[in-house]
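Chemist: If you scroll down you'll find the structure; I have some questions about it.
The values are calculated or read from the model by the stated rules, or taken from the named source; none is laboratory data. Here the structure is a predicted model, which means the values were calculated and not measured. So basically every Cβ, Gly included, is an ideal-geometry build from the backbone, and we count neighbours across all protein chains shown. Ligands, DNA and RNA are excluded from the accessible area calculation, which covers all protein heavy atoms including side chains. Shrake-Rupley method; radii C 1.70, N 1.55, O 1.52, S 1.80 Å.
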Amino acid sequence: RLFDLDPDLLPLFQYNCKQFSSPEECLSAPEFLDHIRKVMLVIDAAVNHLEDLPCLEEYLCNLGKKHQAAGVKVESFSTVGESLLYMLENCLGTAFCPDVREAWTKLYDAVVKAMRRGWDTLPEGV
């Protein structure tokens, strides 16, 4: 879904300087699947620390810095969030009611807000 929403994200996923010629090639690459596992670990950490999200602040801020250094734009996180909600809706079916959507949206927004601080803390010109 991610590359359907924004095909321009494909060049961000390069491993060992390899450019993927298609979203399908990227989606089947072991390195991309590993990246997805890492994304899900971040989501899992946020869910497990729901009552104390500030304890993840430094980690998420540093993760934001890493993403900025890799050329990711903050705006791309809304596309990732939309893809996450799409996946949840497809997996949960009717259990993905408006309240569940709202809860996941709030959680994801909190994660992205913390990651955005990584952009805000870098000096100009870096």
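Chemist: Would you point out the residue of segment 24-34, among those that are open to solvent by less than 80 Å² (accessible area, probe 1.4 Å) and hydrophobic (A, V, I, L, M, F, W, C), that is farthest from Lys73 (Cα to Cα)?
Modeler: Ala29
Chemist: Inspect segment 70-84 for any residue being farther than 23 Å from Gly118 by Cβ and of a type in the set (Asp, Glu) and give the result as yes or no. Give the derivation first.
Modeler: Start the filter on segment 70-84 by keeping residues that are farther than 23 Å from Gly118 by Cβ, which leaves none.
For segment 70-84, residues farther than 23 Å from Gly118 by Cβ and of a type in the set (Asp, Glu): absent.
Chemist: Could you say whether any residue in segment 35-50 is surrounded by 14 or more Cβ atoms within 10 Å (Cβ to Cβ) and among the charged types (D, E, K, R)?
Modeler: Within segment 35-50, not a single residue is surrounded by 14 or more Cβ atoms within 10 Å (Cβ to Cβ) and among the charged types (D, E, K, R).
Let's see how each residue does on (1) within 26 Å of Pro11 (Cβ to Cβ); (2) among the polar types (S, T, N, Q); (3) assigned to a helix (DSSP H, G or I):
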{"position": "Asn62", "(1), (2), (3)": "yes, yes, yes"}
{"position": "His67", "(1), (2), (3)": "yes, no, yes"}
{"position": "Gly81", "(1), (2), (3)": "yes, no, yes"}
{"position": "Leu84", "(1), (2), (3)": "yes, no, yes"}
{"position": "Thr94", "(1), (2), (3)": "no, yes, yes"}
{"position": "Arg117", "(1), (2), (3)": "yes, no, yes"}
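Chemist: So, Glu57, is that one more than 19 Å from Val80 (Cβ to Cβ) and open to solvent by less than 70 Å² (accessible area, probe 1.4 Å) or not? Show your work before the answer.
Modeler: Values: more than 19 Å from Val80 (Cβ to Cβ): yes; open to solvent by less than 70 Å² (accessible area, probe 1.4 Å): yes.
In short, yes.
Chemist: Scan segment 76-90 residue by residue and report those that are of a type outside the set (S, T, N, Q) and either in contact with a Pro (Cβ under 9 Å, 6 or more places away or on another chain) or under 14 Å from Asp109 (Cβ atoms) (or both). Even if it seems obvious, please write down each step before you answer.
Modeler: Filtering segment 76-90 down to residues of a type outside the set (S, T, N, Q) leaves 77, 80-82, 84-89.
Across segment 76-90, the qualifying residues are Phe77, Val80, Gly81, Glu82, Leu84, Leu85.
Chemist: Return the residue satisfying two criteria in turn: it lies in segment 11-25 and is modelled with pLDDT under 90 and part of a helix (DSSP H, G or I), and of such residues it is nearest to Leu84 (Cα to Cα).
Modeler: Leu12
Chemist: For residues that are open to solvent by 60 Å² or more (accessible area, probe 1.4 Å) and within 19 Å of the chain's Cα centre (by Cα), scanning just segment 6-23, find the one that is farthest from Ser78 (Cα to Cα).
Modeler: Gln14
Chemist: Can you name every residue in segment 64-104 that is acidic (Asp, Glu), over 14 Å from the mean Cα position of the chain (by Cα) and surrounded by 10 or more Cβ atoms within 10 Å (Cβ to Cβ)? Steps first, please.
Modeler: Residues of segment 64-104 that are acidic (Asp, Glu), as a first pass: 75, 82, 89, 99, 102.
Still in the list and also over 14 Å from the mean Cα position of the chain (by Cα): 89, 99, 102.
Hits for segment 64-104 are Glu89, Glu102.
Chemist: For residues that are within 15 Å of the chain's Cα centre (by Cα) and either free of Cβ contacts under 8 Å to residues at least 40 places away in the same chain or farther than 20 Å from Trp104 by Cβ (or both), tally how many sit in segment 28-63.
Modeler: Summing the residues that are within 15 Å of the chain's Cα centre (by Cα) and either free of Cβ contacts under 8 Å to residues at least 40 places away in the same chain or farther than 20 Å from Trp104 by Cβ (or both) in segment 28-63 gives 14.
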